[in-house]
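Please treat every number below as a calculation from the coordinates, not as lab data. What you see is a predicted model; the values in this text were computed from it and never measured. Cβ placement follows ideal geometry from the backbone for every residue including glycine, while neighbour counts extend to all protein chains displayed.
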Amino acid sequence: MNREQDNFTNDDPDLLVKQRREALLAEMDFKVLADTPEGRRFLWRLLAECGVHHGSFGTDALSMAYREGRRSIGLFVQNMFRDMPDQYLLMLKDGLGGPRKRD
């Protein structure tokens, strides 16, 4: 569950069970990606495309908001690695050692 959902109480036990099941499935799906080299390559490219390791500052407010929105999604994905640090380190190792973009 995300933080916004935690702020509201819900007395419907079926809804709570459904939300917990969906959260567990999302974690399991992410683990499948993080456990394979192909999945880690995809996640590395996704994080790079989201600009996680770059600032989003700019002089144009709309462009900056757009970049910050992309970065926010990347940070969300990166945070999903919190319970699997070994896979995160493997992704970093593979990603940093792989082909690089030319400037």
Rounded to the nearest 0.05, FRET efficiency between residue 28 and residue 61 (Cβ-Cβ, R0 41 Å) equals 0.55
Applying the gyration tensor rule to the Cα atoms of segment 12-96 (axes a ≥ b ≥ c; rounded if a/c under 1.5, else prolate if a/b exceeds b/c, else oblate), the class is oblate
